[in-house]
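Let me begin by presenting the structure, written as structure tokens, before commenting on it.
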Amino acid sequence: MKKLFVQTYGCQMNLADSEEMAAHLFARGYTLTDNLDQADLALINTCTVRDHAEHRALSFLGRLRQWKRENPQRKIIFAGCAAQRLGEKLKKTFPFLDLVSGARDIDHFAQLLDDSGLFTAQPGAPVTAQTITGYVTIMRGCDFKCTYCIVPSVRGPIHCLPSADIVQRAAQKAAKGCPEIMLLGQTVNAWHEKGKTFADLLNEVSAQPGVQRVRFVSPHPAFITPAFLAAVENNPKIARHIHLPAQSGSTKVLQEMKRGYTREILLEKIAALKARGFAISTDLIVGFPTETENDFQQTLSLVEEAGFSAAYCFKYSPRQGTPAAQMTLLPEKTLEQRLDVLLNKVKGLAEAAYTQQIGSPVEVLMESANKGRTSDNFWVQTTRSYPVGTRVVSEVTAAEGTLLFTRD
């Protein structure tokens, strides 16, 4: 059989999209390989949220020129958000590229393959790699118009997938040995269906046989509602961790970003989640064009006040076509300095969050023989070995950096 190599850039949604595209290619006679030199087809699934991510994907594509020159029968598919933004002009720059598939084409990927004339469907069930987490996309696109973000223009407006399809896919993943289900969407908790909310969907998915834990990413603070809080409070299968992108601690900057909430509202949401036992991680942007030193200090104080267990910190990256890209950029030196200060602050708080777990009993869902995660997303290493997918309850005896150790 022919072999497929997949290179994915970006978020968990992109991982899920890669898995979905790969399944269609499996049905057309391909099997997966992690060795590019052995592959007959390279699928590159891209991200364009930050300029760096897009450049990495384009650089990898450029390096495939020689790979294809060595065997002209090899094929290359460039997919995802960068493909959506750059479109067919990619083929002018990279004439050896066979197929471009934008992020909005994901639901029609099979038809795109057939229409290309490069692939032929073959009988046989798709083969997928076994992990404990089953990714299930529940919605695509975003209706927010954050001034720095390119996602709405490349992925389009919100399109919620039917709950029946979502629940069925989650059940199938669990039946194939995925005890943890990860629900995915750009603003995942904005999902809705006539008569149903995201809270209802969480309860339906967690009720499926074999599902031990349900996670979701990435939620928006605007949809942390009383109904959602009630659902997570009363359902122990919903993981006690939420990745809640804050982006800034300054109300002024949040308004200029058009995030739809203030610092005070954000802290109220965080307090409500913490009261229900949630660990909270976040995304933070430094150097938005209007950010003053006072604004930055407010971000630092937000990190302290919120007590995030982890934070992903980025320098502002202008994206062509977004309103913020028209603004005057701050000096690169200022961005570097602020990022360094923020990273040091976050590192200290993350280590403190792990240290605070010492002496506490934890339930670990094993992801390898000696390592797994707790419901609130702390990594744990055990002394004994366990089968993948086993739930282990033990007491935390030590913490080293961002890793916990238990008695077992």
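The values are calculated or read from the model by the stated rules, or taken from the named source; none is laboratory data. The structure presented is a predicted model; accordingly, all values stated were derived computationally and were not measured. For neighbour counting, all protein chains shown are included, and Cβ atoms are generated from backbone atoms with ideal geometry for every residue, glycine included. Side chains are part of the model used for accessible areas, which takes the heavy atoms of the whole protein and leaves out ligands, DNA and RNA. Shrake-Rupley method; radii C 1.70, N 1.55, O 1.52, S 1.80 Å.
Scanning region 329-342 for residues that are open to solvent by 60 Å² or more (accessible area, probe 1.4 Å), of a type in the set (A, V, I, L, M, F, W, C) and under 28 Å from PRO152 (Cα atoms) turns up just one, LEU329. One residue is enough: does region 132-147 have a residue meeting the conditions modelled with pLDDT of 90 or more, basic (Lys, Arg) and in a loop (DSSP other than H, G, I, E, B)? Yes: region 132-147 contains one or more residues that are modelled with pLDDT of 90 or more, basic (Lys, Arg) and in a loop (DSSP other than H, G, I, E, B). Name the single residue that is nearest to ARG215 (Cα to Cα) among those in region 1-17 being assigned to a strand (DSSP E or B) and either among the basic types (Lys, Arg) or in contact with a Lys or Arg (Cβ under 9 Å, 6 or more places away or on another chain) (or both). So the residue we want is LYS3.
In region 267-290, the residues that are under 15 Å from SER248 (Cα atoms) reach residues that are assigned to a helix (DSSP H, G or I) and among the aromatic types (Phe, Trp, Tyr) with C-beta atoms within less than 9 angstrom, at least six apart or across chains, in these pairs: VAL286/PHE296; GLY287/PHE296.
Checking each residue in region 26-53 for being surrounded by fewer than 21 Cβ atoms within 10 Å (Cβ to Cβ) and polar (S, T, N, Q) picks out THR31, THR33, ASN35, GLN38. Within region 181-205, residues that are within 16 Å of THR225 (Cβ to Cβ) reach partners that are polar (S, T, N, Q) and part of a helix (DSSP H, G or I) with beta carbons closer than 8 Å, at six or more positions or on different chains, in the pairs GLU193/SER163; LYS196/SER163; PHE198/ASN189; ASP200/SER163; LEU201/SER163. Taking the listed residues THR147, THR131, the one that is within 27 Å of ALA53 (Cα to Cα), open to solvent by less than 20 Å² (accessible area, probe 1.4 Å) and not aliphatic (A, V, I, L, M) is THR147, with no other qualifying. Restricting the first residue to region 29-50 and requiring it to be at positive phi, which pairs with a second residue that is open to solvent by 40 Å² or more (accessible area, probe 1.4 Å) and assigned to a strand (DSSP E or B) meet a Cβ separation below 9 Å and a spacing of at least six or different chains? Every condition considered, the pairs that remain are GLY29/LYS2.
When you scan region 42-98, how many residues do you find that are touching a Cys at 6+ places or on another chain (Cβ under 8 Å) and of a type in the set (A, V, I, L, M)? Final tally of qualifying residues: 4. Just one of the listed residues (ALA207, ALA222, ALA231, ALA190) is of a type in the set (A, V, I, L, M), over 19 Å from SER281 (Cβ atoms) and modelled with pLDDT under 95, and it is ALA231.
For region 292-326, filtering for residues that are in contact (Cβ under 8 Å) with a residue 60 or more places away in the chain and within 14 Å of ARG263 (Cα to Cα) leaves 1.
Across region 168-187, the qualifying residues are those that are of a type in the set (A, V, I, L, M) and assigned to a strand (DSSP E or B), and the one among them that is farthest from ALA222 (Cα to Cα) is ILE181. Please specify each residue of region 356-374 satisfying the condition of being more than 24 Å from GLY210 (Cβ to Cβ) and part of a strand (DSSP E or B). The answer is PRO361, and nothing else. The residue of region 73-104 that is farthest from LYS2 (Cα to Cα), among those that are open to solvent by 50 Å² or more (accessible area, probe 1.4 Å) and in contact (Cβ under 8 Å) with a residue 24 or more places away in the chain, is ARG85.
Of all the residues in region 18-66, those that are closer than 21 Å to TYR135 by Cα and in a helix (DSSP H, G or I) number 9.
Just one residue in the set ASP114, ASP165, ASP107 is outside any strand (DSSP E or B), more than 30 Å from HIS241 (Cβ to Cβ) and open to solvent by 10 Å² or more (accessible area, probe 1.4 Å); that residue is ASP114.
Within region 14-26, restricting attention to residues that are among the small types (Gly, Ala, Ser) and modelled with pLDDT under 90, the residue that is farthest from VAL49 (Cα to Cα) is ALA23.
What is the number of the single condition among (1) more than 26 Å from the chain's Cα centre (by Cα); (2) free of Cβ contacts under 8 Å to residues at least 40 places away in the same chain that LEU329 does not meet? The failed condition is (2).
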